[in-house]
Structures are given as structure tokens and as C-alpha cells.
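Notes to accompany the following structure.
The values are calculated or read from the model by the stated rules, or taken from the named source; none is laboratory data. A quick note: this is a predicted structure, and the numbers were derived from the prediction, not measured. Reconstructed Cβ throughout: ideal geometry from the backbone, glycine too, with neighbour counts over all protein chains shown. These area figures cover heavy atoms from the full protein model, side chains too; ligands, DNA and RNA do not enter into them. Shrake-Rupley method; radii C 1.70, N 1.55, O 1.52, S 1.80 Å.
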Amino acid sequence: MHPTYHTHPLLESPTIAHGFFGREGGVSAELYAGLNCGPGSADNKAHIAENRARMAHALGQMPEKLCTLYQIHSPNVVIVHEPYIGTPPQADAHVTNVAGITLGILTAD
């Protein structure tokens, strides 16, 4: 099963993909059942990697270019020039003008 997502007409663009994902279409189980993409969770790391890959592929993007943050309550914004390696930066927002970079924000349900 592939993850499903929703789009919003005000965000439609011929050059920028976007989507709002729920839990459907992921491989995580039990407490994290579904499409858990949070690397900071205690979920199985292989499941998180697969879920993130599924989400990126659903948008037509490369999983290794998917960037998410270590989100904190702050006014911090990160400008992304290349994918994060290792621990992601701590901030609540990120932006890019680099083609091929996929930005994600994680939320709890």
C-alpha cells in the first residue's frame, strides 16, 4: 500500500509538489502504526526509513533529499542548501530555493 496524501488548491504549482500525509500506507506497527516519519521517535529505524522513502516517492522525490527538522518551539528558521547529514538542525521552519530538496514538517495527531 502506498501512502495517500491531500493537497490544497492554493498551494498548487507546476514546479513544486506538496502534500499532507496521514498514517495510511506506512509500515510501522503498534504505538507508531502507519506512516511514522519521525526519526526522533523510538520506532524501528528501518520502518522510519521506509516510511520516509514512501512519502518522498509519493511526491516524486528522492528519499535522500527529504529534510525534516528537530522541531522546537522557537523563532528559528533554517535555510536549506543541501540535505542534512546526521542530526538535523533545531528549528521550527525551513526554506529552500534549491530544486530537488524536499522539505517536511512533522506533526502529532
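Summary table below
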{"quantity": "Residue in region 61-81 that is in contact (Cβ under 8 Å) with a residue 40 or more places away in the chain and not hydrophobic (A, V, I, L, M, F, W, C) present", "calculated": "yes"}
{"quantity": "From the options 48, 79, residue that is in contact with a Ser or Thr (Cβ under 9 Å, 6 or more places away or on another chain), open to solvent by 100 Å² or more (accessible area, probe 1.4 Å), modelled with pLDDT of 95 or more and not charged (D, E, K, R)", "calculated": "79"}
{"quantity": "Unique residue being modelled with pLDDT of 95 or more, loosely packed, with under 12 Cβ neighbours inside 10 Å and assigned to a helix (DSSP H, G or I) when the list is 10, 31", "calculated": "10"}
{"quantity": "Region 13-28, subset part of a loop (DSSP other than H, G, I, E, B) and over 18 Å from residue 105 (Cβ atoms), residue least open to solvent (accessible area, probe 1.4 Å)", "calculated": "25"}
{"quantity": "Flag for residue 56 being of a type in the set (Gly, Ala, Ser), assigned to a loop (DSSP other than H, G, I, E, B) and under 23 Å from residue 16 (Cα atoms)", "calculated": "no"}
{"quantity": "Any hit, region 62-74, residues being surrounded by 11 or more Cβ atoms within 10 Å (Cβ to Cβ), basic (Lys, Arg) and more than 20 Å from residue 108 (Cα to Cα)", "calculated": "yes"}
{"quantity": "Meets criteria (open to solvent by 40 Å² or more (accessible area, probe 1.4 Å), within 10 Å of the chain's Cα centre (by Cα), free of Cβ contacts under 8 Å to residues at least 60 places away in the same chain and more than 20 Å from residue 30 (Cα to Cα)) for residue 103", "calculated": "yes"}
{"quantity": "Residues within region 60-74 that are more than 26 Å from residue 5 (Cα to Cα) and modelled with pLDDT of 95 or more, tallied", "calculated": "0"}
